[in-house]
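The values are calculated or read from the model by the stated rules, or taken from the named source; none is laboratory data. No experiment lies behind these values; they were computed from the predicted model shown. All Cβ positions, even for glycine, are placed from backbone atoms using ideal geometry, and neighbour counts span all protein chains on display. Accessible surface areas use protein heavy atoms only, side chains included; no ligands, DNA or RNA. Shrake-Rupley method; radii C 1.70, N 1.55, O 1.52, S 1.80 Å.
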Amino acid sequence: MLRQIDAARLPRHVAIIMDGNGRWARNRHLPRVAGHRAGISSVRAAVETAARLHLPALTLYAFSTENWKRPESETSFLMRLLRRYLRDELSELQENNIRLQAIGRISELPEAVRDELRSTCQATASNTGTVLSLALNYSGRTELVDTFRLLAERVRRGELAPEAIDEQLIGAGLFTRGLPDPDLLIRTSGELRLSNFLLWQIAYAELWVTNTLWPDFRAKHFYQAILDFQSRDRRFGGLSDEPHAE
Ligand code: IPE
Ligand code: IPE
Ligand code: MG
């Protein structure tokens with residue numbers, strides 16, 4: 001499958017909604033958290049694949065702001081798992097030349113998680129390969145609220161004219177500033193919704209949903225998604241390149 005992929009037409013940014021850990025565990029009569037633990041291998045596979053393909057950016061939805069509605073036992077497990085991931089995967093990130101960053105309201109995460117994030121992000125800051133953004137305590141709507149508040153504040157101080165607010169300026173206020181918009185959005189476990197992920201940035205992303213549950217996701221699924229992406233006719237509201245009748 002790797003050989004079928006056209007290296008000249010790769011997505012510049014792939015975003016993944018990693019869903020289905022709980023169902024994977026339930027299918028095995030295991031507690032939900034076993035699914036989260038198993039999902040770490042899939043994160044590794046996705047990161048390695050992105051690095052192998054030299055994708056400029058990979059963004060993984062790891063924990064939404066709405067996920068705080070889950071029982072404390074599950075959210076605290078996820079926070080511990082995240083810390084362990086950051087500690088254990090540092091060498092893997094370095095070997096793959098990955099630069100890690102976190103997107104979301106990071107200041108609201110537990111201090112121990114913030115400390116681990118800070119040190120892993122700093123340790124990988126000079127890497128020049130794929131930018132891996134982990135969406136943590138992330139919500140697309142609150143990201144927009146925060147951005148609009150900052151812009152409103154600049155208007156109030158007289159630094160910015162309302163007419164100067166355009167798509168570039170809004171994009172530059174988002175957590176994903178500096179990254180191209182996702183070309184491809186993958187969601188595992190079959191759910192046909194966005195769950196508040198990157199609402200502004202995915203305006204023209206190609207969507208690819210698989211019934212595969214996140215803990216079963218491997219490189220071959222990633223390749224499948226990219227091959228499917230490469231077969232799409234992206235028109236961006238215009239007309240396709242094929243000749244058309246006037
Ligand atoms: C995705 O799996 C992981 C997180 C949202 C943290 P879920 O935990 O949502 O698994 P399902 O959707 O219940 O199967
Ligand atoms: C989306 O999955 C969030 C993450 C994958 C982190 P959810 O399982 O939280 O989404 P819903 O509740 O099914 O929409
Ligand atoms: Mg889910």
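The criterion of being out of contact with any Phe, Trp or Tyr (no Cβ under 8 Å at 6 or more places or on another chain) and more than 25 Å from Pro182 (Cα to Cα) holds for Asn27.
Here's the yes/no breakdown for (1) within 16 Å of ligand 3 (Cβ to nearest atom); (2) under 20 Å from Asp228 (Cα atoms); (3) part of a helix (DSSP H, G or I):
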| position | (1), (2), (3) |
| --- | --- |
| Arg3 | no, yes, yes |
| Val43 | yes, no, yes |
| Ala51 | no, yes, yes |
| Leu58 | no, yes, no |
| Phe63 | yes, no, no |
| Asn67 | yes, no, yes |
| Ser76 | no, no, yes |
| Leu81 | yes, no, yes |
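For beta carbons closer than 8 Å, sequence separation of 6+ or different chains, a first residue in the stretch 145-167 that is without any contact (Cβ under 8 Å) to a residue 60 or more places away in the chain and a second that is of a type in the set (Lys, Arg) and open to solvent by less than 90 Å² (accessible area, probe 1.4 Å), the qualifying pairs are Asp146/Arg105; Leu160/Arg154. Can you say whether Gln201 is touching a residue at least 24 places away in the same chain (Cβ under 8 Å), among the polar types (S, T, N, Q) and out of contact with any strand residue (DSSP E or B) (no Cβ under 6 Å at 6 or more places or on another chain), as far as the supplied structure shows? Yes.
Quick grid of which residues meet (1) under 25 Å from Ser64 (Cα atoms); (2) within 16 Å of ligand 1 (Cβ to nearest atom); (3) polar (S, T, N, Q):
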| residue | (1), (2), (3) |
| --- | --- |
| Gly178 | yes, no, no |
| Leu194 | yes, yes, no |
| Ala203 | yes, no, no |
| Asn211 | yes, yes, yes |
| Lys220 | no, no, no |
| Tyr223 | no, no, no |
| Arg235 | no, no, no |
| Leu239 | no, no, no |
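When you look at Ser73, is it of a type in the set (Ser, Thr, Tyr) and open to solvent by 20 Å² or more (accessible area, probe 1.4 Å), yes or no?
Details: of a type in the set (Ser, Thr, Tyr): yes; open to solvent by 20 Å² or more (accessible area, probe 1.4 Å): yes.
For Ser73, the condition - of a type in the set (Ser, Thr, Tyr) and open to solvent by 20 Å² or more (accessible area, probe 1.4 Å) - is met.
Restricting attention to the stretch 50-75, the residues that are away from ligand 1 (no atom under 15 Å from the Cβ) and charged (D, E, K, R) add up to 1.
Looking only at residues of the stretch 13-38 that are within 8 Å of ligand 1 (Cβ to nearest atom) and charged (D, E, K, R), we find that the one that is farthest from Tyr61 (Cα to Cα) is Arg26.
With respect to the conditions (1) under 30 Å from Arg84 (Cβ atoms); (2) open to solvent by less than 30 Å² (accessible area, probe 1.4 Å), Asp115 lacks only one, and its number is (2). Being of a type in the set (Val, Ile, Thr) and either touching a helix residue (DSSP H, G or I) at 6+ places or on another chain (Cβ under 9 Å) or touching a residue at least 40 places away in the same chain (Cβ under 8 Å) (or both): is that true of Thr142 here? Answer is yes for this residue. Within 16 Å of ligand 2 (Cβ to nearest atom) and free of Cβ contacts under 8 Å to residues at least 40 places away in the same chain: is that true of Pro71 in this structure? Against the criterion (within 16 Å of ligand 2 (Cβ to nearest atom) and free of Cβ contacts under 8 Å to residues at least 40 places away in the same chain), Pro71 qualifies. Would you say Asp166 is within 15 Å of Val14 (Cβ to Cβ), at pLDDT 95 or above and away from ligand 1 (no atom under 16 Å from the Cβ)? Against the criterion (within 15 Å of Val14 (Cβ to Cβ), at pLDDT 95 or above and away from ligand 1 (no atom under 16 Å from the Cβ)), Asp166 does not qualify. When you check Leu199 against the structure, is it out of contact with any helix residue (DSSP H, G or I) (no Cβ under 7 Å at 6 or more places or on another chain) and either within 25 Å of Arg37 (Cα to Cα) or within 16 Å of ligand 2 (Cβ to nearest atom) (or both), yes or no? No. Filtering the stretch 2-43 to residues that are over 21 Å from Pro71 (Cβ atoms), out of contact with any strand residue (DSSP E or B) (no Cβ under 8 Å at 6 or more places or on another chain) and surrounded by 22 or more Cβ atoms within 10 Å (Cβ to Cβ) leaves only Ser42. Taken as a whole, the stretch 218-228 holds at least one residue that is among the polar types (S, T, N, Q) and either closer than 15 Å to Leu58 by Cα or surrounded by 13 or more Cβ atoms within 10 Å (Cβ to Cβ) (or both).
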